[in-house]
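The values are calculated or read from the model by the stated rules, or taken from the named source; none is laboratory data. Just so you know, these numbers come straight off a predicted model, no measurement behind them. A quick note on method: Cβ atoms are made from the backbone with ideal geometry, for glycine too, and the neighbour counts reach across all protein chains shown. Surface accessibility is based on the protein's heavy atoms, side chains included, excluding ligands, DNA and RNA. Shrake-Rupley method; radii C 1.70, N 1.55, O 1.52, S 1.80 Å.
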Amino acid sequence: MEKLVTLQIDGRSVTVPAGTMIVDAAKKLDIIIPTFCYHPKLKPAGMCRVCLVDVGRPQIDRATNQPVLNEDGTPKIVFGPKLETACTTPVSEGMVVWGATEKVMEARKEILEFLLTSHPLDCPVCDKGGECPLQNLTLKFGPTESRFEFDEKKHLSKHVPLGELIYLDRERCIQCGRCVRFQDQIADDPVIGFSERGRSIQIVSFSEPGFDSIFSGNTTDICPVGALTTADFRFGARTWEMENKASICTQCSVGCNIIYNTRREVKSGKIVIKRVMPRQNEEVNEIWICDKGRFTYHYANSPERLTTPLIRRNGELVRVSWEEAIEFAAQKVKAAGSKLAVIASGRLSNEDLYTLKKFSTEIEGKAILHTTISGGDWVSRVGMAPGSDLSKLEKGSTILVFASDLHEEAPLWWLRVKGAAERGATLIVANARKTRLDKFATHTLRYRYGEEAKALDEIISGKSEISMAVKEAENLVVFYGSDGLGLAQSAYVAEKLAGLLTSTGHTGKPNNGLIAVWQKGNDQGAWELGYKTDQHLEDTISAAMGVYIAGADPVSEDPGLKIALQRAGFIIVQDLFLTDTARLADVVFPAQAVMEREGTAVTGERRMQYYAPAVCEPEGTRPDHSITCAIAQAAGMSLTVATTAEIFEQMTAAPGVFHNITLNQLRETCEQWPRIGRNEVYYAGTAFDNKDGLGVILPLNQDQEKPLPAAIPEAVTVPQGQFLAVPVTRLYDRGGTVITSDMVKERITRNLISLNPKDADKIKAAAGDRILLHLAGRDIEGLLGLDNGQPEGVVLVTRSMGALLSTPALAAVSVIEPATQKS
């Protein structure tokens, strides 16, 4: 049982766990103890001293070791000669704390005056105005005027790019160290720090490129002044001008809760997104988001967005009316009948996918999920159960991460798994190459690409420490990803891992289960609705009279599908952009982005979440489900056009895991710790409190048909002198919602190909060279990167880098260096 301590703060009693800091205990009572350097997610530092309080403790009789009592029988309280910092002082039984005495208030006033001696009084033009802890606390506790002349202030550089995403105003910095400690303690990217001394001390970047971290934007949220700002929000808007629109990030399968801050622009009159902020959900993303989720929203405003239907005429795609495009597609659908292949991705909402599945069922066609890995049917059966929360995993629990580079595939899961390991959970990382998570692993298991089955046997049937840590765990959570895995390999991996969870009794209870690290935000939702992957998709497409593709770009993932699509009778595509796949289509429909519409999605942890529109949709676009219904109606099918809310009602009325779930359930909230909100910016930063829903973890789907046994994938034979090409996922790929976002253009993966330095030496190549791979009758050319952590004899090929530049599965390749041209 957790030991509890009772104390008094400003005359009010509170009971908290032993080890709690005074500042946190005060927060439980809604008592404000000002802080700048302290943050509830970081280790205490005691740097700014503004949290000084008067602390008294019961006097203890040394002879009896009992409290000395006053005449009235109460403990005698002895106060120290000096004030103490509330952020570094843990509570103790019987403690008495005063934070509003004249002595304390005077100390706070002096600290604030000291901080302001070199701080510019530029609040009217500061981006932090309206949500600035220094501004707010100065008004509440600080001096009313300065005793320093302007010329006596220390002047430093004001517009310093730490990197291309984050700007620093060195005059505004109060040296609280929050940003430095976040990068060190939370992100494990200590790429910024202090330089110089005294009044000249300042934040600098140590990395090249500058501020090289995928979590850099979070430092702007926790900065208590306007020193750190994002490049896209600087001088963009004032906080009181913006509205807060709750949504979820769909760039990966974590499902981070976010807020779109929007404002109606004076010149255009349009409502636009000014910035993306984290929305607290301690069971999903806590109060953090990665930079991909924070900065890629700009794709919605890309001039490359589709806004008009297109039909192919004389070999060219030309603009037409919606009516003409719908009628053209409907005639094609009627002609194809059951020989129409329907392909969708996790970019679509549950409502889109449900509608498309009904469409496919009515024509007796095949509903296919296009994704990089398989096994979602096993996740439906043995995934995370209701009540699960990764933050509850600690000593006694085990986490197995198999074939996944979480730092690149799902950054917030990387943070949360790292946090669990730091709390004492046993972490097992099994991969063919080194990843960022190895540093925190209790055990690492290295295998050869293509020999995943042997590694699984060692974990499941062996008698090693790894095997025992899995079998004897109080809780067991297993992640599997796409590192070197295709559909066949991942289906086998998922089946074996599901069997492991079942045989060891780690299913059907909170904080246990299987998690697939999907590439898209709602891939798991597709599985829950009955979609399946197709390991023979090329043959399926080639044999189809027509292909209907919604929100997917299979050509960019598998060049072999381009030839197959060219054999198909016709192609219908609905998407945001004219993708490589859309360029082959006979008819193209412009769809709407996630921030322009409402819907629901299911995360890899099987949490169903709701999102609402934040901005108006571009004229000429429609929701995906509306496009599908319009085609169906024109084709004489029973599907009729319906709103998202009406489709949600139909979906949750039908049998299955969504049955009887209501929007009110998805929108339910509860008190979370630490407290986040507009009144708490001094305490935990400017992340938003959650007023719009925490989501619901779906019940396990034990009623569905058990997946067919997966065959052991055949090994790939690599001839002498050749290499094994391995597909891997990078965070900043060239997918449509990344490449069209100008903010991250400098972060987009430039190195298509990666080699071990020893292999590079063998072919006399260096980092930055253009390398040619000869693979299955085609050539892949791209820039070379070097990685000591990958095995020799292996070429890593980045997914989603454009047509003809990917490989969907392991393959033998020959490597040629065509030139010495460097980038």
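Residues in region 705-717 include none that are part of a strand (DSSP E or B), open to solvent by less than 60 Å² (accessible area, probe 1.4 Å) and hydrophobic (A, V, I, L, M, F, W, C).
With the condition kept exactly as written, say whether any residue in region 583-600 is over 29 Å from the mean Cα position of the chain (by Cα) and assigned to a helix (DSSP H, G or I). Lay out the reasoning, then the answer.
So in region 583-600, the residues over 29 Å from the mean Cα position of the chain (by Cα) come out as 583-588.
Next, only the ones that are assigned to a helix (DSSP H, G or I) stay: 583-584.
Looking for residues that are over 29 Å from the mean Cα position of the chain (by Cα) and assigned to a helix (DSSP H, G or I), one finds at least one in region 583-600, hence yes.
Just the residues that are surrounded by fewer than 16 Cβ atoms within 10 Å (Cβ to Cβ) and not in a loop (DSSP other than H, G, I, E, B), please, taken from region 653-668. Residues satisfying the conditions are ALA653, LEU663, ASN664, GLN665. Criterion applied to THR6, THR35, THR88 was being in contact with a Gly (Cβ under 6 Å, 6 or more places away or on another chain) and in contact (Cβ under 8 Å) with a residue 40 or more places away in the chain, and the one residue passing it is THR88.
Results for (1) open to solvent by 20 Å² or more (accessible area, probe 1.4 Å); (2) part of a strand (DSSP E or B); (3) farther than 19 Å from ASN512 by Cβ, shown as yes or no for each residue.
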position: LYS395; (1), (2), (3): yes, no, no
position: THR398; (1), (2), (3): no, yes, no
position: VAL401; (1), (2), (3): no, yes, no
position: TRP413; (1), (2), (3): no, no, no
position: ALA430; (1), (2), (3): no, yes, no
position: LEU437; (1), (2), (3): no, no, yes
position: LEU445; (1), (2), (3): no, yes, yes
position: GLY450; (1), (2), (3): yes, no, yes
position: ASP457; (1), (2), (3): yes, no, yes
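Across region 471-485, the number of residues qualifying as open to solvent by less than 10 Å² (accessible area, probe 1.4 Å) and out of contact with any strand residue (DSSP E or B) (no Cβ under 7 Å at 6 or more places or on another chain) comes to 3.
Please tell me if SER157 is open to solvent by 30 Å² or more (accessible area, probe 1.4 Å), within 30 Å of PRO209 (Cβ to Cβ) and touching a Lys or Arg at 6+ places or on another chain (Cβ under 7 Å).
On the way: open to solvent by 30 Å² or more (accessible area, probe 1.4 Å): yes; within 30 Å of PRO209 (Cβ to Cβ): yes; touching a Lys or Arg at 6+ places or on another chain (Cβ under 7 Å): yes.
Yes: the conditions hold for SER157.
Of all the numbered requirements in (1) touching a Phe, Trp or Tyr at 6+ places or on another chain (Cβ under 6 Å); (2) over 30 Å from ARG622 (Cα atoms); (3) surrounded by fewer than 24 Cβ atoms within 10 Å (Cβ to Cβ), GLY419 misses one, and that requirement is (1).
Does region 669-686 include one or more residues that are within 22 Å of the chain's Cα centre (by Cα), assigned to a helix (DSSP H, G or I), touching a residue at least 12 places away in the same chain (Cβ under 8 Å) and farther than 30 Å from VAL23 by Cα? No: region 669-686 contains no residue that is within 22 Å of the chain's Cα centre (by Cα), assigned to a helix (DSSP H, G or I), touching a residue at least 12 places away in the same chain (Cβ under 8 Å) and farther than 30 Å from VAL23 by Cα.
Scanning region 401-456 for residues that are in contact with a Gly (Cβ under 8 Å, 6 or more places away or on another chain) and of a type in the set (Ser, Thr, Tyr) yields SER404, THR435, TYR449. Among residues of region 568-584 that are under 16 Å from ALA341 (Cα atoms), those with a beta-carbon under 7 Å from a residue that is in a loop (DSSP other than H, G, I, E, B) and of a type in the set (Val, Ile, Thr) at least six positions away or on a different chain give the pairs VAL573/THR581.
Return yes or no: is ALA385 part of a helix (DSSP H, G or I), within 25 Å of LEU476 (Cα to Cα) and of a type outside the set (Val, Ile, Thr)? In short, no.
Yes or no: region 510-529 includes at least one residue that is more than 30 Å from GLY735 (Cα to Cα), touching a helix residue (DSSP H, G or I) at 6+ places or on another chain (Cβ under 6 Å), open to solvent by 10 Å² or more (accessible area, probe 1.4 Å) and part of a loop (DSSP other than H, G, I, E, B). Scanning region 510-529 turns up at least one residue that is more than 30 Å from GLY735 (Cα to Cα), touching a helix residue (DSSP H, G or I) at 6+ places or on another chain (Cβ under 6 Å), open to solvent by 10 Å² or more (accessible area, probe 1.4 Å) and part of a loop (DSSP other than H, G, I, E, B).
Being open to solvent by 20 Å² or more (accessible area, probe 1.4 Å) and of a type outside the set (Asp, Glu) narrows it down to one of ARG178, ARG172, ARG199, so name that one.
Working: ARG178 fails: open to solvent by 20 Å² or more (accessible area, probe 1.4 Å); ARG172 fails: open to solvent by 20 Å² or more (accessible area, probe 1.4 Å).
Testing whether each residue is open to solvent by 20 Å² or more (accessible area, probe 1.4 Å) and of a type outside the set (Asp, Glu) leaves just ARG199.
Among the residues of region 268-287, count how many are open to solvent by 10 Å² or more (accessible area, probe 1.4 Å) and under 24 Å from ASN690 (Cα atoms).
Our first condition is that a residue be open to solvent by 10 Å² or more (accessible area, probe 1.4 Å); within region 268-287, this holds for 268-275, 282-283, 286.
Add one more test, that the residue is under 24 Å from ASN690 (Cα atoms), and what stays is 271-275, 282-283, 286.
Number of matching residues: 8.
Every residue, every condition in (1) in a strand (DSSP E or B); (2) over 30 Å from SER404 (Cα atoms); (3) over 14 Å from the mean Cα position of the chain (by Cα), yes or no:
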position	(1), (2), (3)
LYS245	yes, yes, yes
THR250	no, no, no
SER253	no, no, no
ILE259	yes, no, no
SER268	no, yes, yes
LYS274	yes, yes, yes
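One residue stands out in region 187-222 among those that are touching a helix residue (DSSP H, G or I) at 6+ places or on another chain (Cβ under 7 Å) and part of a helix (DSSP H, G or I): the one that is farthest from LEU115 (Cα to Cα), namely ASN218. Among the residues here, ALA760 qualifies as crowded, with 20+ Cβ neighbours inside 10 Å and without any contact (Cβ under 8 Å) to a residue 60 or more places away in the chain. Here is the figure for region 312-340: residues that are among the small types (Gly, Ala, Ser), at pLDDT 95 or above and not in a helix (DSSP H, G or I) total 1. Highlighted here are the strands (runs of 3 or more DSSP E) found entirely within region 1-113 that include at least 1 residues which are under 24 Å from VAL180 (Cβ atoms), touching a helix residue (DSSP H, G or I) at 6+ places or on another chain (Cβ under 8 Å) and at pLDDT 95 or above: 52-58.
In region 615-622, the count of residues that are outside any loop (DSSP other than H, G, I, E, B) and open to solvent by less than 10 Å² (accessible area, probe 1.4 Å) is zero. Looking across region 779-816, the residues that are surrounded by fewer than 18 Cβ atoms within 10 Å (Cβ to Cβ) and out of contact with any helix residue (DSSP H, G or I) (no Cβ under 9 Å at 6 or more places or on another chain) come down to ASP779, GLU781, ALA812, SER814, ILE816.
Could you run through region 629-652 and say how many residues are of a type in the set (Val, Ile, Thr) and open to solvent by 40 Å² or more (accessible area, probe 1.4 Å)? Residues that pass the stated criteria total 3.
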